[in-house]
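Encoded as structure tokens, the structure appears first; notes follow it.
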Amino acid sequence: MSSMEQAPVSTGMSSYGTIPSSLQQQRIDLSKPRFDQSTYLGRVRHFVQVTSPLNLFVTSKGLEDAKTLISDYNSGKIPANTDPSRLWRAKEVCDSTLHPDTGKPIFLPFRMACFVPTNLMVAAGMLMPNPTVRSIMFWQWANQSVNVAFNYANANKTIEMDMKETAVAYMSAVTTSCFLAVGLNQLVPRMTSISPGLRTILGRLVPFTAVAAAGTVNVFLMRGKEISEGIDVYDSEGNSVGKSQKAGLSAITQVAISRILTNFPVLTIPPLVLSQWERTTWSQQYPKAVIPINLAVISLCLMTALPLAIAAFPQYANVDVKTLEERFWNLKDSKGEHIKSLTYNKGL
């Protein structure tokens, strides 16, 4: 056979599925995400998959099968021409279920794939019109409780908070949220210099202001130990070279910004949509439609905003050592070469 001739197409099949040998490529590196994480679009595509609620339907056996498939592929037990779609689906299942630091499953209600269903009713409760002080405090408490759980479950696990630290952070976040929400709701009706319509809109935007402020406090308090004690930073070979307080501060700041970006459309667009709905004749004919419309808009906002917001920053940040503490400036790798950049997991 000459060099110009093609090799015969493989017809062998395995339980994992194969592709024609003419389409074979080098082994896929399943230690990295499928899409380029150095670009915003690549990160969005990655997090659309990771945060998909469809991943919540994967059973324990499905997870074990996915882990086994990846392990067998990486160790060479199965051929390089294993169906790529099977491999990428297995990685998607693992990425959406397992914590990257511990390798253990995240408690289901607080996986990022469960963010939309978990937060749906809370967001709807906070956006109810004409709330009482009691309802404001209840829904802010519920929201901050959920935030604490998500922050704890998806935090960088190279440093842990004990129960006392978690309790203090939780109480501080809830107190801040309730204080802001009640205060702002009392303030808006007193703004007599503006039109009633504008006061109504401002009143419905109060939840976002309260949630954004309290959510930021929540993240910094729940993960404050990452600043005081630092988080692990890794070289290109995956070895931890120490803990960095500056990396911890950067990680928490980025997560706080992502939380605000997630909440902004969820807590601002539905109130504006409902304000427009109330001006239509349909709102008089179908008054009970306000609840399903509200839930539909909130769901759409949550599903759209979450991957777009999380993708604002890479989950694994690659930073110049000069931006970290001086003790990292002169490190060398196994080849004796100076390390110029390090990586850390910022959490979600």
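The values are calculated or read from the model by the stated rules, or taken from the named source; none is laboratory data. Because the structure is a prediction, the values reported are computed rather than measured. Note that we place each Cβ from the backbone using ideal geometry, even for glycine, and neighbour counts take in every protein chain shown. The protein model used for the area step is the full one, side chains on, heavy atoms only, and it has no ligands, DNA or RNA in it. Shrake-Rupley method; radii C 1.70, N 1.55, O 1.52, S 1.80 Å.
Yes or no: the stretch 57-73 includes at least one residue that is in a loop (DSSP other than H, G, I, E, B), more than 17 Å from the chain's Cα centre (by Cα) and modelled with pLDDT of 90 or more. Yes, the stretch 57-73 has at least one match.
In contact with a Phe, Trp or Tyr (Cβ under 9 Å, 6 or more places away or on another chain) and polar (S, T, N, Q) - does that describe any residue in the stretch 77-95? So far as the stretch 77-95 goes, yes, one or more of its residues are in contact with a Phe, Trp or Tyr (Cβ under 9 Å, 6 or more places away or on another chain) and polar (S, T, N, Q). Would you check if residue 247 is open to solvent by less than 20 Å² (accessible area, probe 1.4 Å), under 22 Å from residue 312 (Cβ atoms) and touching a strand residue (DSSP E or B) at 6+ places or on another chain (Cβ under 7 Å)? In short, yes.
Conditions (1) free of Cβ contacts under 8 Å to residues at least 24 places away in the same chain; (2) part of a helix (DSSP H, G or I); (3) open to solvent by less than 50 Å² (accessible area, probe 1.4 Å); (4) at negative phi, marked per residue:
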site: 148; (1), (2), (3), (4): no, yes, yes, yes
site: 156; (1), (2), (3), (4): no, no, yes, yes
site: 164; (1), (2), (3), (4): yes, yes, no, yes
site: 208; (1), (2), (3), (4): no, yes, yes, yes
site: 242; (1), (2), (3), (4): no, no, yes, no
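Within 24 Å of residue 316 (Cβ to Cβ), exposed (fewer than 14 other Cβ atoms within 10 Å of the Cβ) and touching a residue at least 24 places away in the same chain (Cβ under 8 Å): does that describe residue 49? No.
When residue 327 is tested against (1) of a type outside the set (Val, Ile, Thr); (2) touching a residue at least 24 places away in the same chain (Cβ under 8 Å); (3) more than 23 Å from residue 253 (Cα to Cα); (4) open to solvent by 30 Å² or more (accessible area, probe 1.4 Å), only condition (3) is not met. Regarding residue 95, is this residue surrounded by 15 or more Cβ atoms within 10 Å (Cβ to Cβ), within 21 Å of residue 306 (Cβ to Cβ) and acidic (Asp, Glu)? Criteria met by residue 95. Across the stretch 303-339, the number of residues qualifying as part of a loop (DSSP other than H, G, I, E, B) and within 28 Å of the chain's Cα centre (by Cα) comes to 7.
Return yes when residue 270 is buried (at least 16 other Cβ atoms within 10 Å of the Cβ) and either assigned to a helix (DSSP H, G or I) or not basic (Lys, Arg) (or both) and no when it is not. Yes. All of (1) surrounded by fewer than 18 Cβ atoms within 10 Å (Cβ to Cβ); (2) more than 17 Å from residue 152 (Cα to Cα); (3) small (Gly, Ala, Ser) hold for residue 228 with one exception: (2).
Just so you know, in the stretch 304-317 the residues that are open to solvent by 40 Å² or more (accessible area, probe 1.4 Å) and touching a Phe, Trp or Tyr at 6+ places or on another chain (Cβ under 9 Å) include one that is farthest from residue 246 (Cα to Cα), and it is 308. Selection of the stretch 251-292 for residues being under 21 Å from the mean Cα position of the chain (by Cα) and of a type in the set (Lys, Arg) yields only 259.
Candidates are the residues of the stretch 161-210 that are under 18 Å from residue 130 (Cα atoms) and of a type in the set (Phe, Trp, Tyr); the one that is modelled with the lowest pLDDT is 208. Per the listing 276, 254, the residue uniquely open to solvent by 20 Å² or more (accessible area, probe 1.4 Å), without any contact (Cβ under 8 Å) to a residue 40 or more places away in the chain and outside any loop (DSSP other than H, G, I, E, B) is 276.
Inspection of the stretch 123-131 finds no residue satisfying the criterion of being assigned to a helix (DSSP H, G or I), out of contact with any Pro (no Cβ under 9 Å at 6 or more places or on another chain) and not small (Gly, Ala, Ser).
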